[in-house]
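What follows is a short report on a single structure.
The values are calculated or read from the model by the stated rules, or taken from the named source; none is laboratory data. Treat the numbers as computed from the prediction; the structure is a model and nothing was measured. Glycine also receives a Cβ, built like all others from the backbone with ideal geometry; neighbour counts cover every protein chain displayed.
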Amino acid sequence: MLMTRNLMVAVGLATMLALLISFLPTVDTDLEGHHTAVFQPATQFQLDEQNLVDVLSLFNTRLAISHVQWQNNNLFIDYKINKEKPVYVEEIYEDLFSTLQSAYTLTSNVKGLYISILYTDKGKNEVLIALSTERSNTLEDGLLHVEDKKEFLQKYTTITYGVLWKDNVQ
């Protein structure tokens, strides 16, 4: 008898909770980008010297940042790698794309983006790969329909490969 009553109370509470949840406002899904806003639409940051570290911490990359410079609405980022931790070509292209996407979708005032990946060996830095791009409507529209990240980077950016590219990247 006691167990039946507890079961009925639990069913009643679960039903009331489901009913209350159904009255919460729904959030529309962005069908093209496959993103769902959780609390409110995201607003873009106005990047400056004061929030540079906060904004860069939102970038989803695996590479270690060695140097950042913000000058005249241009963002310069140097990443570094070394031979102790192997880095694969796909990871480099993914991190380059992720940095580009974050810089142009999270901020409203980054006009130019310049990324260098430096290979460090015995205290000496050498450019492994570098990317440069300028914000444009074509680039921003392209970010909405990315299928292949490497192909996107080759189409919308300028990529320069260093001498050590083929020797040190697996």
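A few remarks follow.
- Summed over the stretch 133-144, residues that are of a type outside the set (A, V, I, L, M) and in contact with a helix residue (DSSP H, G or I) (Cβ under 9 Å, 6 or more places away or on another chain) total 6.
- Selection of the stretch 119-168 for residues being of a type in the set (V, I, T) and surrounded by fewer than 16 Cβ atoms within 10 Å (Cβ to Cβ) yields T138, V146, T158, I159, T160, V163.
- When D141, D121 are checked against the criterion of being at pLDDT below 90 and among the acidic types (D, E), a single residue qualifies: D121.
- Among the residues of the stretch 75-89, none qualifies, meaning not one is under 15 Å from the mean Cα position of the chain (by Cα), under 20 Å from R135 (Cβ atoms) and part of a loop (DSSP other than H, G, I, E, B).
- Only one of the listed residues (T105, T61, T120, T99) is in contact (Cβ under 8 Å) with a residue 60 or more places away in the chain and not hydrophobic (A, V, I, L, M, F, W, C). That residue is T105.
- Condition check for T133: closer than 16 Å to F59 by Cα, touching a residue at least 12 places away in the same chain (Cβ under 8 Å) and touching a strand residue (DSSP E or B) at 6+ places or on another chain (Cβ under 8 Å): no
- Residue count for the stretch 22-52, restricted to those that are surrounded by 10 or more Cβ atoms within 10 Å (Cβ to Cβ) and either at pLDDT below 65 or not polar (S, T, N, Q) (or both): 11.
- N109 being exposed (fewer than 12 other Cβ atoms within 10 Å of the Cβ) and assigned to a loop (DSSP other than H, G, I, E, B): no
- Residue count for the stretch 41-74, restricted to those that are hydrophobic (A, V, I, L, M, F, W, C) and part of a loop (DSSP other than H, G, I, E, B): 5.
- In the stretch 66-84, the residues that are exposed (fewer than 15 other Cβ atoms within 10 Å of the Cβ) and either touching a residue at least 60 places away in the same chain (Cβ under 8 Å) or within 13 Å of L96 (Cα to Cα) (or both): K83
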